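One structure is given here, and the rest of the page talks about it.
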Amino acid sequence: MERIEGNMLYTVPHYYRKFQCTASACTDTCCAGWQIMIDDKSLRKYKKIPGAFGNRMKNSVDWKEGAFLQYKGRCAFLNEENLCDLYAEKGEKMLCRTCRMYPRHIEEYEGIREISLSLSCVEAAKIILGGKEPVRFLNKEDDREETYESFDFFLFTKLMDVREAMIGILQDRKESMEVRIGKVLAIAHDVQRRIRGEALFEIDQLLERYQKEKNRERFREKLEKIRPKSRSRYEIMSQMFQVFGKLEVLKADWKPYIESVEQKLFGQGEAFYQEAFARFEREVCKEERWEIYLEQLMVYFLFTYFCGAVYDEMAYEKAKFAVASTLLIQEMVFASFLSHGKFPQVEEVAEIAHRYAKEVEHSDTNLKRLEELFQKEKSFHLLSLLAVV
């Protein structure tokens, strides 16, 4: 759908309205474990609340930082039943923008808002991963107008075309996920070269070439040739897991969790890992349901982040982030499989995916750090291709 000039275009995945907060029944409340920032409008309202509750508000906000204070990692207004006292006392209208919107995530472009559900919410993760049909994207417009001082709309339209082609490739279930993900990385690599070479006009022809039926077998052969035979999956994934040691830790239980996953996967040596993964591959990876999980993860990460390259021209890094995130989540599920020995249900995969997203996506520092690693360390391209199953 093309945007009518002067109108605001809103895009959401087709499952967007399925989300319902489970409140106190949630297995991991969104009101704990991270800093909840307060928008300026809400801060002004909070300063005007009178009486005893107003006094509590004054003592529950870091006014300099513009964030709710935390006690033992929990928001000052989160009560013992995991419900919000601010909501109960003053109603939804008094919630800050962060609390009103979450787990909805908004990416802002000139005249365009792309809204998704955040994988970091376990209930949203169940919706994202539980869908069996390919994701569709719905559009609507209103008459709101805006103009950005500096926005490269031509680059943005090309990025949207590339993303649409990538999602189409990922949703082609006649192909293996190995080929689909490999093709996405290859497209992103070739698009990045054209961005740097200021040759955006070549992107349409590039996409046509990747989408031609006759090129499928040729791509499979090329993918096989660039796989370094000397590297094992054990080496690759143990190296990929080292990125976690370079990231900011948001929740206290994250570091011991990741350390336990690493020990389970890599602590008993390569022979154990390869034998265990061969079983995981036979019993899990070849199943259509598993490939759908990977497809939905890849589509989520690409829809959410890829077009943000309009601001930094790092399209290839954003594609690598999508692939690396999908592979790391898969590896965490593999670790869980070693404990339980059965095909992972959507609830289990959602729990693992939301833990990863909560640590990575809710830290600008971590997102930036990962992109820097993917940019500087060229090995991440080959690591991703090698590790896909």
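Quick one: Debye curve from the alpha-carbon atoms of the stretch 116-252 only, equal weights, vacuum; give me log10 I(q)/I(0) at q = 0.09, 0.10, 0.18, 0.22 Å⁻¹ to two decimals.
Here log10 of I(q) over I(0) equals -0.44, -0.54, -1.32, -1.31.
By DSSP, what percent of the beta bridges with both residues in the chain are antiparallel, rounded to the nearest 5?
Here the antiparallel bridges make up roughly 85 percent for the chain.
For the stretch 244-343, restrict the atom set to alpha-carbon positions and state the Rg and Dmax in Å.
Both quantities, over Cα of the stretch 244-343: 15.7, 45 Å.
State, in angstrom, two size descriptors of the stretch 23-63 derived from its alpha carbons: Rg to one decimal place and Dmax to the nearest whole number.
My reading of the Cα-based Rg and Dmax gives 12.7, 34 Å.
Taking C-beta distances below 4.7 angstrom as the pairing criterion, name the unpartnered cysteines of the chain, in sequence order.
For the chain, the answer is CYS21, CYS26, CYS30, CYS84, CYS96, CYS99, CYS121, CYS285, CYS307, because their Cβ atoms have no other cysteine Cβ under 4.7 Å.
Across the chain, how large is the tail of the calculated P(r) beyond 28 Å, expressed as a percent of all Cα pairs?
Here the tail beyond 28 Å accounts for 50 percent of pairs.
Starting from the 7 Å offset along Cα-to-Cβ, what nm value, one decimal, do you get for the label separation of ASP62 and GLU164?
4.3 nm
Along the Cα-to-Cβ line of ARG113, 7 Å from the Cα, sits a label point; which residues in the stretch 40-83 have backbone N less than 19 Å from it?
Only 40-43 fall inside the zone, counting backbone N under 19 Å.
Taking 56 Å as R0, compute the FRET efficiency from the Cβ-Cβ separation of ARG44 and GLU259 and round it to 0.05.
0.80
Calculate what fraction, in whole %, of the accessible area of the stretch 111-166 sits on carbon and sulfur atoms when a 1.4 Å probe is rolled over the protein chains.
47 percent
Given a 1.4 Å probe, how much area per residue of the chain is accessible, in Å²?
Heavy-atom accessible area per residue stands at 50 Å².
Give the aspartates and glutamates whose C-alpha is closer than 13 Å to that of LYS255, dropping any in the same chain fewer than 8 places away, or say none.
Here the aspartates and glutamates satisfying the reach criterion relative to LYS255 are GLU359.
Given only helices, namely DSSP H runs of n ≥ 4 each adding -39500 (n - 2.57), what is the per-residue ellipticity at 222 nm of the chain, to the nearest 500 deg cm²/dmol?
Taking each H run of at least 4 residues, the total per residue is -16500 deg cm²/dmol.
What is the Cα coordinate range of the stretch 197-300 on the first, second and third principal axes, sorted by size from largest, in whole angstrom?
48, 34, 31
Express the relative contact order of the chain as a whole percentage, based on alpha carbon pairs under 8 Å and six or more residues apart in sequence.
Contact order relative to length: 22 percent.
If all Cα-Cα distances of the stretch 131-172 are sorted into 5 Å bins from 0 onward, what percent lands in each bin, rounded to whole numbers?
Here the calculated profile for the stretch 131-172 is 5, 15, 16, 20, 21, 11, 9, 3, 0.
Per 10 Å bin from zero, what fraction in whole % of the C-alpha pairs of the stretch 64-157 is there, up to the bin with the longest pair?
11, 29, 31, 23, 6, 0
In this model, which of LYS183/LYS212; LYS72/LYS93; LYS222/LYS376; LYS246/LYS358 are farther than 18 Å apart at the alpha-carbon?
LYS72/LYS93; LYS222/LYS376
Using only the alpha-carbon atoms, how far is helix 346-360 inclined from the longest principal axis of the chain? Give it as 0 to 90 degrees, nearest 10.
It works out to around 70 degrees.
Quick one: what Rg and Dmax do you get for the stretch 303-346 from the alpha carbons, in Å?
Spelled out, the Cα radius of gyration and Dmax of the stretch 303-346 are 14.9, 44 Å.
If all Cα-Cα distances of the stretch 1-159 are sorted into 10 Å bins from 0 onward, what percent lands in each bin, rounded to whole numbers?
Once binned at 10 Å, the Cα pair distances of the stretch 1-159 give 9, 31, 29, 23, 8, 0.
Which length gain, in nm to one decimal place, applies between GLU248 and ASP142 when the Cα-Cα distance is subtracted from 0.36 nm times their residue separation?
Length difference between fully extended and current span is 34.2 nm.
Return the distance in nm (one decimal) between the two label points of a simple spin-label model at PHE151 and MET101, each offset 7 Å from Cα along Cα→Cβ.
For PHE151 paired with MET101, the spin-label model returns 1.5 nm.
For HIS189 and GLU208 in one chain, what is 0.36 nm times their gap in residues minus the Cα-Cα distance, to one decimal in nm?
5.3 nm
Given labels modelled 7 Å from the Cα in the Cβ direction, how far is it in nm from THR365 to SER176?
So the label points at THR365 and SER176 sit 4.1 nm apart.
The values are calculated or read from the model by the stated rules, or taken from the named source; none is laboratory data. Keep in mind that this is a model prediction, so the values were computed, not measured. Using ideal geometry, Cβ is built from the backbone for each residue, glycine included, and neighbour counts are taken over all protein chains shown. Note: accessible area is taken over every heavy atom of the protein model, side chains too, but ligands, DNA and RNA are not part of it. Shrake-Rupley method; radii C 1.70, N 1.55, O 1.52, S 1.80 Å.
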